[in-house]
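Here is the structure we will look at.
Computed from the coordinates by the stated procedures, all read-outs in this text should not be read as laboratory data. Worth saying up front: this structure is predicted, and the values here are computed from it rather than measured. Cβ atoms come from the backbone with ideal geometry, glycine included; neighbour counts cover every protein chain shown.
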């Protein structure tokens with residue numbers, strides 16, 4: 001999805017995990033560069049940006065997901081980091097087996 005410039009919304013209750021996952025995703029395409037807009041943690045007041053018709057990778061608070069879904073363009077991918085599910089605005093959800101557990105050193 002990153003390489004074909006799709007709209008991706010990452011969401012979690014933990015802002016530190018959300019930011020880390022976003023950075024890892026962007027880093028995975030190295031040596032290529034992300035051509036989409038990347039905002040690791042979008043403020044709740046700006047969640048309407050999810051309706052922008054441009055490719056993006058946005059991190060939002062999980063409490064704002066229903067609002068984001070209501071205004072997003074079709075085929076926007078939503079990644080729930082807490083549960084490990086991925087879905088689009090037009091499909092049912094499915095699990096991808098990711099884990100959001102973070103060990104603290």
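Things worth noting here:
- Inter-site label distance for residue 83 and residue 48 at 7 Å from Cα along Cβ, in nm: 2.8 nm
- Residue order, fewest to most beta carbons within 10 Å, for 72, 50: 72, 50
- Under the simplified labelling scheme, the residue 73-residue 5 pair shows an inter-label distance of 1.0 nm, with each label point 7 Å from Cα along Cα→Cβ.
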